[in-house]
Amino acid sequence: SGYFTYDPGFMATGSCESSITFIDGAKGVLLHRGYSIEELARDADYLEVCYMLLHDKTPNSEEYKAFKDTITRHTLVHDQVNNFFRGFRRDAHPMAMLCGTVGAMSSFYHDDLDITDPEQRLRSAYRLVAKMPTLVAMCYKYNIGQPFVYPRNDLTYAENFLNMMFSVPAEDYKITPAVSKAVDRIFTLHADHEQNASTSTVRLAGSSGANPYACIAAGVASLWGPAHGGANEACLTMLQEIGSVDRIPEFIARAKDKADPFRLMGFGHRVYKNFDPRATVMRESCHEVLSELNIDDPLLNVAMELEKIALSDPYFAEKKLFPNVDFYSGIILKAIGIPTNMFTCIFALARTVGWVSHWHEMLSQPGQKIGRPRQLYTGEAKRPYNKIDK
Ligand code: CMC
């Protein structure tokens with residue numbers, strides 16, 4: 001009944017009104033609540049960005065302190081969550097465990113299920129932002145067979161995450177300011193990105209009134225794919241496979257070959273038809289971190305040369321394919337000691353604030369409808385049914 005527009009991949013569909021994030025893909029502009037990503041990455045910390053995404057204003061120092069205290073208070077997960085982990089194979093992909101355990105949170109916080117109350121919604125948002133680093137670090141510890149490390153309230157958000165990842169109870173991992181700043185910046189650069197696949201998934205799941213933990217688990221699942229958040233892991237794997245500068249032309253040729261499904265990972269974006277501003281900051285950060293840690297990673301040379309060759313190639317120029325946020329993030333994470341299969345979990349951790357901000361905004365808007373696209377039916381017309389014995 002009625003007419004609808006056929007728009008596979010939602011190339012031209014605006015699905016909602018939102019005041020959270022603005023992107024001008026032609027000019028390479030990204031603003032959160034009106035503030036440019038370059039300024040936020042340079043001058044704000046991740047929790048400040050979380051506050052502004054959720055509250056539509058920058059916090060003053062008292063508000064910031066109260067927000068930080070609240071997040072810190074919620075970092076522990078229920079002890080029963082340990083039992084969830086024991087059900088996974090030791091070598092399970094961390095994203096598989098994250099998807100399951102985030103969804104399982106809904107069974108612990110029944111008081112959060114009244115999604116009509118804005119205060120309750122914010123409380124679930126805080127819980128999710130606070131507990132994601134704990135869950136992500138647990139995924140890692142489970143994989144490597146080390147005991148889980150409890151959150152520490154005296155550390156910053158990024159430091160606490162690093163401590164839960166790398167500390168073993170007996171000895172503390174030394175977190176340098178350069179490392180914690182780099183991780184905080186990676187979180188900021190991934191915090192939100194308007195109606196990307198995972199955020200749209202969270203909105204669609206939430207539009208039916210589903211509970212927030214289930215909605216975020218849906219977001220984690222959507223993020224996992226290599227065309228989306230899985231690209232950071234795929235990009236580093238690709239750089240390792242290329243291995244040396246002399247092999248770049250072979251991979252460029254494969255990326256251009258229509259008969260070959262290979263794509264240059266970390267290149268291209270649905271919205272940016274110019275430089276992804278996050279990639280520019282990430283590239284600078286990558287150089288800073290490697291020089292501060294005194295690491296000479298040959299993959300950085302491969303990445304820089306690959307970027308140079310691709311950008312001067314007519315194929316990439318015509319299709320407006322530029323490096324995206326995932327192109328350099330993997331090299332930083334690797335330098336910090338984070339294994340490749342954890343990269344997408346870190347994206348999920350950072351994007352959680354974007355997901356919950358959109359979910360909260362959607363449920364605050366009057367007249368909210370369930371998300372329910374239509375289709376072009378390509379099956380059989382009506383035909384008679386013959387009983388199976390005939
Ligand atoms: N390498 C080679 N060719 C490419 C690439 C690439 N990375 N990306 C797009 N193309 C080509 C594609 O083959 C197509 O060519 P043609 O028009 O001749 O068929 C054209 O460019 C348009 O591609 P598309 O897939 O129709 O564009 P899209 O907007 O649907 O896809 C994308 C965007 C990000 C999924 C895609 O560029 C891609 O697969 N990139 C690699 C994966 C990646 O880095 N993803 C991370 C995105 S940023 C982080 C995030 O938000 O998740």
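Computed from the coordinates by the stated procedures, all read-outs in this text should not be read as laboratory data. The structure presented is a predicted model; accordingly, all values stated were derived computationally and were not measured. In this analysis, Cβ positions are derived from the backbone assuming ideal geometry, glycine residues included, and neighbour counts consider all displayed protein chains.
Kindly state, to the nearest 0.05, the FRET efficiency for Phe4 paired with Val271, given R0 = 35 Å and r defined as their beta-carbon distance.
The computed FRET efficiency comes out at 0.90.
By a straight-distance test (C-alpha under 16 Å), which lysines pair with Lys68 as possible cross-link partners, with residues fewer than eight away in the same chain excluded?
Reachable lysines: Lys57, Lys131.
Which residues does the label zone of Asp296 cover in region 315-348, counting backbone N under 20 Å from a point 7 Å along Cα→Cβ?
331-332, 334-337
Just how large is the dipole of region 30-183 about the Cα centre, in debye to the nearest 20, putting +1 at every Lys and Arg Cβ and -1 at every Asp and Glu Cβ? Let's see the in-between values first.
On the way: 17 positive and 20 negative charges, 112 e Å.
That gives a dipole near 540 debye.
Kindly put Tyr6, Tyr157 in sequence by how many other C-beta atoms sit within 10 Å of each C-beta, fewest to most.
Lowest to highest Cβ neighbour count: Tyr6, Tyr157.
Of Ile388, Ile252, how do they rank once you tally other Cβ atoms within 10 Å and put the fewest first? Intermediate results must be reported in sequence, preceding the final value.
On the way: Ile388 5, Ile252 18.
The most exposed by this proxy come first: Ile388, Ile252.
Among Thr75, Thr116, which comes first, then next, by fewest other beta-carbon atoms within 10 Å?
Ordered from fewest to most neighbouring Cβ atoms within 10 Å, Thr75, Thr116 come out as Thr116, Thr75.
Roughly speaking, what is the centre-to-centre gap between region 1-67 and region 107-169 when only Cα atoms are used, to the nearest Å?
If we compute the Cα centre of each part, the gap is 23 Å.
State the number of lysine pairs found in region 231-336 whose Cα atoms come within less than 21 Å, restricting to pairs 8 or more positions apart or on distinct chains.
Lysine pairs meeting both conditions in region 231-336 amount to 12.
Please state the relative contact order of region 231-336 as a whole percent: Cα pairs under 8 Å, 6+ residues apart?
In percent, rounded to a whole number, it is 43.
Got the relative contact order for the chain handy, in percent, Cα pairs under 8 Å and 6 or more residues apart? Provide the component values of the computation, followed by the final result.
Values: 525 pairs, mean separation 91.3, N = 390.
That works out to 23 percent.
Obtain the nm distance between the two label points defined at Glu62 and Leu113 by a simple spin-label model: each point lies 7 Å from its Cα along the Cα-to-C-beta direction.
3.8 nm
Modelled label-to-label distance, His55 and Asn83, 7 Å Cα→beta-carbon offset: nm?
In this crude spin-label approximation the distance works out to 3.8 nm.
Give the relative contact order (percent, whole number) for region 97-170; include only Cα pairs under 8 Å separated by 6+ residues.
25 percent
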